[in-house]
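*Asks:* First the structure, which I've put down as C-alpha cells, then a few questions once you've had a look.
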Amino acid sequence: MDSLTTLWSNDEGQDIAEYSVMLAVVLVIVVGAIRLIGSNANNVFSNVASGIQ
C-alpha cells in the first residue's frame, strides 16, 4: 500500500508533461509566424522585382 501512495504522490512526470505541452504551443506559434512572414516576404520580393523590370 505504501508503494501505491508513493506512486500517486510522485509529481516528477507531471513536469515533463507540462514542458511538452508548452513546447508544442511555442512550436505552433513559431510555425504560424514563419508561414505568415514567408508568404508576405514572397509578395514583397515579387513586387520589388516587378518594379525593377
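*Asks:* Got a sec to turn the phi values of region 21-32 into Karplus ³J(HN,Hα) couplings, 6.51 cos²θ - 1.76 cosθ + 1.60 with θ = phi - 60°, whole Hz, x for Gly and Pro?
*Replies:* Rounded to whole hertz, the list is 5, 4, 4, 5, 5, 5, 5, 5, 5, 5, 5, x.
*Asks:* Suppose the chain between Arg35 and Leu23 were pulled fully straight at 0.36 nm per residue; how much longer would it get relative to their current alpha carbon spacing? Intermediate results must be reported in sequence, preceding the final value.
*Replies:* On the way: separation 12, 0.36 × 12 = 4.32 nm, distance 1.82 nm.
Full-extension gain reported as 2.5 nm.
*Asks:* Using a basic spin-label model with each label point 7 Å from the Cα along Cα→Cβ, how many nm lie between Ser50 and Ile16?
*Replies:* In this crude label model, Ser50 to Ile16 measures out at 5.3 nm.
Since every read-out is calculated from the coordinates, none of them should be taken as a lab result. Since this is a predicted model, take the numbers as computed values, not measurements. Please note: Cβ atoms are built from the backbone with ideal geometry, for glycine as well, and neighbour counts cover all protein chains shown.
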